[in-house]
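What follows is a single structure, written as structure tokens, with notes after it.
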Amino acid sequence: MDRRKPELLCPAGDMEKLRMAVAYGADAVYLAGTSFGMRSFTANFAPDELPQAIKLAHDTGVKVHCTVNIMPRNDEAAALPAYLEQLDAAGVDALILADLGAFMMAGKYAPHCQRHVSTQQSVANYACAQSWFDLGASRVVLARELSLREILGTVNPYYAEYCDGKSVTCPGLKQWGTVTLANQGRSALSILKYYYGSNIEIIRTNNIQSIPQSYPGSPLRQGSTGAAVFTLQRQLNRITKDYPFLGLLTVDGIFGRKMTETVKKFQKQFNLTADGVVGRSTWYKISYIYVSVKDLAELTSEGETFSGTLSDGSWNFGSSVLKQGSTGSEVEQMQFWLSTLAQYESSIPSVTVDGVYGSGTAAAVRAFQRLYGLTVDGIVGRTTWTELYDQFRSIQSDNGTPNAYPGTALREGASGQNVRLVQFWLKIARTVYSNLNNITVDGKFGSATTAAVKRFQTYFGLTSDGVVGRTTWNKLYEVYNDIANKLLSSSLRPGEYPGVLRKGSSGTAVRELQFYLYLMSAYESSIPAIGIDGQFGASTEAAVRAYQRFAGLTVDGIVGRTTWNSLYDKASTLRTSGPVVTLKRLPYPGTPLTVGSSGSAVLYYSLLLQRIAYYYSSVETPPLSDRYTDETAAATRSAQELLGLPETGIADADTWTAVEALSLQLAAEMPNPDRSIGHGPVYPGRAIGAGSVGPDVAQVETWLNGRSCLYCTEGYVTENRRFGPEETAAVRLAQQRAGLLVTGTVDRGTWAALQAQSCPHCSKEE
């Protein structure tokens, strides 16, 4: 086992000492707030200083550990949960704890923070250390009285030949207790943790011969049957959602005449020999396109969900039902779901989204009910409504981020789902802005749609050409989403300054403010997440202050014009360019994940499983969700089988550690076929912006500096692998020159432009 590089952990008694520790190369710092800590002879950090200190450290890649190491009395213990929540929201990486009660509280009220056991616990033996790890500790600071020899110990379960003491035995096995542990059913990883605790690093071998091949070995053609045909049918049906001309297949594992025709159409579309036979080339092209349309590798929707629907899918119409003769926004919503489903299910007839429940809508409802095994009565009650919403969301999930610009402008003569989406957005915009044109949602971009687009563009200050390019698309989605979230009134355009907002204010303008603050909190850890209720209370004021501090504005908790404009500009950039994703490793949550578990730990674990499933066909792909479902359990069992662990379907500590180790290894070292297109570095699959760090940032910095050979007016940026103000300004210049939306954030289009514009033969030294 390779040893980890030691972590240089330095004390930081105040802001000046923190800056010195960061400047001189600390990997981490430990500090204390003004309460609940034993660091009595330092200035420590007031509550409003902590976020600033954490941001300073994180901007340079330094972790922050906070001491909460008092032995609290009853009154102190009662106040501790609120303090722990504050530290968690501020972005503290780890808490240093001495009291068992405080330790357990931290697991509940600061779930994103690691828990380190203070040296005050005087842990002097492996049994005590193991007990703390079993309770959820990620680090134990041993007793000061221990010698180095006592700390190192003498146990060393490593051998020159493979031997687990269970399935393979070795004469002369030296390690005390290993065979006994294996006979108890412990895995190799569990045995390692028995001797060394949970804080170990698993380094897996690099001598992998090849990625397992999924091709069944011989061509599939008309008359073939079995699991491989079943897989092909399922993948082709998913591809058909993006390429409707292929036509949906019956998923029955039988390669029939219709499937032959579908394969021929696919082969012709992707420049393969159109013979209807699935050989090796066609097999892997189908696999490649399937993964591409599913967008498994890019995960651009981390931290964001599509909330732009008039309803969240819940049944909220009391005892009423929707039936022929009904009218209104609920009918309109239901019709839009049906019209979307009709694009993918040929048995459902298309409907006009007009808010009137006529015979056409009733026929579509009956077709839907028939398809999904519901009572076929043409009436939308709770069960039909819920199923409609669930199926609509399933399609959205398959299609990735539904608000993503399609890549090419939409104009008169265009047709399809993207046109339908634009028409629906226009229709919803008219519910607030009555001077906009009424429009039929039919998926055909005709003269009426052109006129409606022009009217929208004029009203919102865009070039009135009737063409839906990237800017118009983003504005349409913004308006639609804001209306869906009840953020707009007819008297204000999106982002228009509503006047001074302060504690005690209420209404739509406050909801809009809270929405922007909530969005920012997903990208900036120092800004706490708040509810969107239209009431400017203490939590909203705290979030405003945190934002003002982050943006370098006057920190008064009052939203004047400067604060409003700054917040709107930054939030709008995030909404249109996609999330800036810096995947943060999460510690094992302390308790096993089982069916019914939920939260960020489940989402993170699902992502790890998805990455493994991408490379190992024996591992099932779980849904990317924050809920642990039966599918997640099935994927876990297949991963446990791969890793030689008990196949329980439960993500216990051993499974979590092994899955994470393999997933991170694959992410770091294995090629990704669907991201290996063209020449040169490939887009990382997520936007890069302020706060991003790592090799992708380094590549952007190299390109920015290479541009100076071509554009001498543009200066160099410091190549430190951290995306700061210099990088933001330089990217904005590059976007302006390339005619792109000027955001300062590197999205896919900006990445391609930088790659094309930079000089590959230039460097700072030249």
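The values are calculated or read from the model by the stated rules, or taken from the named source; none is laboratory data. As the structure is a prediction and not an experimental result, all values here were calculated from the model. Neighbour counts run over all protein chains shown; Cβ positions are idealised from the backbone, glycine included.
Across the stretch 643-655, the number of residues qualifying as within 26 Å of the chain's Cα centre (by Cα) and farther than 16 Å from VAL595 by Cβ comes to 3.
Per the conditions (1) of a type in the set (Gly, Ala, Ser); (2) within 27 Å of ALA57 (Cα to Cα); (3) surrounded by fewer than 23 Cβ atoms within 10 Å (Cβ to Cβ), the sole criterion not satisfied by GLY534 is (2). The residue of the stretch 734-747 that is nearest to SER566 (Cα to Cα), among those that are surrounded by 13 or more Cβ atoms within 10 Å (Cβ to Cβ) and modelled with pLDDT under 75, is VAL742.
When the residues of the stretch 608-648 are filtered to those that are in a loop (DSSP other than H, G, I, E, B), crowded, with 20+ Cβ neighbours inside 10 Å and not β-branched (Val, Ile, Thr), the one that is modelled with the highest pLDDT is TYR628. Would you mind stating whether HIS116 is part of a helix (DSSP H, G or I), touching a residue at least 24 places away in the same chain (Cβ under 8 Å) and under 18 Å from ALA21 (Cβ atoms)? Spelling it out, it is not the case that HIS116 is part of a helix (DSSP H, G or I), touching a residue at least 24 places away in the same chain (Cβ under 8 Å) and under 18 Å from ALA21 (Cβ atoms). Restricting attention to the stretch 78-99 and to residues that are out of contact with any helix residue (DSSP H, G or I) (no Cβ under 6 Å at 6 or more places or on another chain) and more than 21 Å from SER521 (Cα to Cα), the residue that is surrounded by the most Cβ atoms within 10 Å (Cβ to Cβ) turns out to be ILE96.
A quick yes/no check of all residues on (1) over 22 Å from TYR290 (Cα atoms); (2) of a type in the set (D, E, K, R):
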residue	(1), (2)
GLY596	yes, no
GLN610	no, no
SER618	no, no
ASP626	yes, yes
THR632	no, no
GLN640	yes, no
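Here ALA106, ALA26 are screened, and the one residue that is under 31 Å from the mean Cα position of the chain (by Cα), part of a helix (DSSP H, G or I), surrounded by 18 or more Cβ atoms within 10 Å (Cβ to Cβ) and at pLDDT 85 or above is ALA106. Return yes when VAL731 is modelled with pLDDT of 65 or more and outside any helix (DSSP H, G or I) and no when it is not. Taking the combined requirement at face value, the residue does not satisfy it. If you check GLU49 against the conditions, is it surrounded by 15 or more Cβ atoms within 10 Å (Cβ to Cβ), of a type outside the set (Phe, Trp, Tyr) and more than 35 Å from the chain's Cα centre (by Cα)? It is false that GLU49 is surrounded by 15 or more Cβ atoms within 10 Å (Cβ to Cβ), of a type outside the set (Phe, Trp, Tyr) and more than 35 Å from the chain's Cα centre (by Cα).
The set of residues in the stretch 649-658 that are modelled with pLDDT under 90 and among the acidic types (Asp, Glu) contains only ASP654. May I ask you to say which residue of GLY499, GLY504, GLY557 is farther than 22 Å from THR745 by Cα, touching an Asp or Glu at 6+ places or on another chain (Cβ under 7 Å) and at pLDDT 85 or above? Just a single option satisfies the conditions, and that option is GLY557. Number of residues in the stretch 100-148 that are closer than 23 Å to ILE191 by Cα, small (Gly, Ala, Ser) and touching a helix residue (DSSP H, G or I) at 6+ places or on another chain (Cβ under 6 Å) equals 1. Considering (1) of a type in the set (Val, Ile, Thr); (2) crowded, with 20+ Cβ neighbours inside 10 Å; (3) modelled with pLDDT under 85; (4) under 21 Å from the mean Cα position of the chain (by Cα), the lone condition that VAL682 does not fulfil carries the number (2). Please specify each residue of the stretch 82-102 satisfying the condition of being aliphatic (A, V, I, L, M) and either in the same structural domain as PRO528 (by TED's automatic domain parsing) or part of a helix (DSSP H, G or I) (or both). Correct list: ALA82, LEU84, LEU87, ALA89, ALA90, LEU100, ALA102. What about LEU371, is it crowded, with 18+ Cβ neighbours inside 10 Å and not assigned by TED's automatic domain parsing to the domain that holds PRO244? Here the answer is no, as LEU371 does not meet what is asked.
Scanning the stretch 412-452 for residues that are under 32 Å from the mean Cα position of the chain (by Cα), of a type in the set (Ser, Thr, Tyr) and over 19 Å from GLU478 (Cα atoms) yields one hit, SER415.
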